[in-house]
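These notes concern the structure reproduced below.
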Amino acid sequence: MIVGGGDSAMEEANFLTRFATKVTIVHRRDSFRASKIMQDRTLNNPKIAVLWNSEITDIKDVVAGKVTGVVIRNTVTGEVTEQPIDGVFAAIGHDPNVSLVKELVTLDEKGYIKTIPGTSHTNVEGLFACGDVQDSRYRQAITAAGSGCMAALDVEKYLQEHHE
Ligand SMILES: Cc1cc2nc3c(=O)[nH]c(=O)nc-3n(C[C@H](O)[C@H](O)[C@H](O)COP(=O)(O)OP(=O)(O)OC[C@H]3O[C@@H](n4cnc5c(N)ncnc54)[C@H](O)[C@@H]3O)c2cc1C
């Protein structure tokens, strides 16, 4: 069972069909937010079913120490049902992991570290940011690696200027 309705949920669901005989996506609304191509791929996959207007309110079984089922609430009717299941994967978005620096640097309105556009500089001298933690828009491996390179160059320049 996959929870979510975005590209991550579609990607995870399709990936899991390589190992599972059946994958169910649980989504709290009646349409996906994912890109059309990902939706098409998902909805055309015979191994994937969708539970629309549904949210998981409980995962069983804590006492047994493993996933045995879920409690599902219909967000429209309020009806509550229980369904046996072997595994649950949440794909409901990401929060940037800024706890280490959130008291130090300025964050943007989405909670990501704010950098001076086109650089890895933050508002704190000597503190640089790169990767997903400062990029709410793209969040891709290649853009993270690129901004990592930018940060490395910015740090090198900073050290040359301040520690010679
Ligand atoms: C399901 C999924 C599929 C994806 N598919 C793709 C794809 O197909 N193509 C693509 O380009 N991108 C994809 N991405 C995105 C890609 O994984 C990220 O953009 C990339 O990993 C970001 O790199 P990063 O170095 O910024 O962060 P991360 O890879 O998250 O690395 C951050 C590191 O910092 C460590 N860390 C955190 N806090 C601390 C701390 N306080 N002290 C020390 N270390 C700490 C973490 O443990 C982690 O190792 C996908 C992401 C997900 C979740």
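Inspect segment 92-105 for any residue being among the hydrophobic types (A, V, I, L, M, F, W, C) and under 20 Å from Gly5 (Cα atoms) and give the result as yes or no.
Yes.
Identify the residue in segment 4-34 that is of a type in the set (Ser, Thr, Tyr) and more than 16 Å from the ligand (Cβ to nearest atom) and, among all such residues, is surrounded by the most Cβ atoms within 10 Å (Cβ to Cβ). Don't jump to the end; show me each part of the working.
Taking segment 4-34 first, the residues of a type in the set (Ser, Thr, Tyr) are 8, 17, 21, 24, 31.
Filter once more, keeping what is more than 16 Å from the ligand (Cβ to nearest atom): 21, 24, 31.
Numbers: Thr21: 6, Thr24: 20, Ser31: 9.
Within segment 4-34, the match that is surrounded by the most Cβ atoms within 10 Å (Cβ to Cβ) is Thr24.
Can you name the residue in segment 6-18 that is in a loop (DSSP other than H, G, I, E, B) and modelled with pLDDT of 95 or more and, of all such residues, is nearest to Val71 (Cα to Cα)?
Thr17
Anything in segment 90-100 that is touching a strand residue (DSSP E or B) at 6+ places or on another chain (Cβ under 7 Å) and at pLDDT 95 or above? List them, or say none.
Val98
For residues that are outside any helix (DSSP H, G or I) and loosely packed, with under 11 Cβ neighbours inside 10 Å, scanning just segment 123-164, find the one that is nearest to the ligand (Cβ to nearest atom).
Initial filter on segment 123-164 (outside any helix (DSSP H, G or I)): 123-130, 135-140, 163-164.
Okay, now just the ones that are also loosely packed, with under 11 Cβ neighbours inside 10 Å, so 125-126, 137, 163-164.
Values: Glu125: 21, Gly126: 17, Arg137: 11, His163: 23, Glu164: 29 Å.
Ranking the candidates gives Arg137 first.
The values are calculated or read from the model by the stated rules, or taken from the named source; none is laboratory data. Note that the structure is predicted; figures quoted are calculated from it, not measured. Neighbour counts are summed over all protein chains in view; Cβ atoms, including those assigned to glycine, are modelled from backbone coordinates with ideal geometry.
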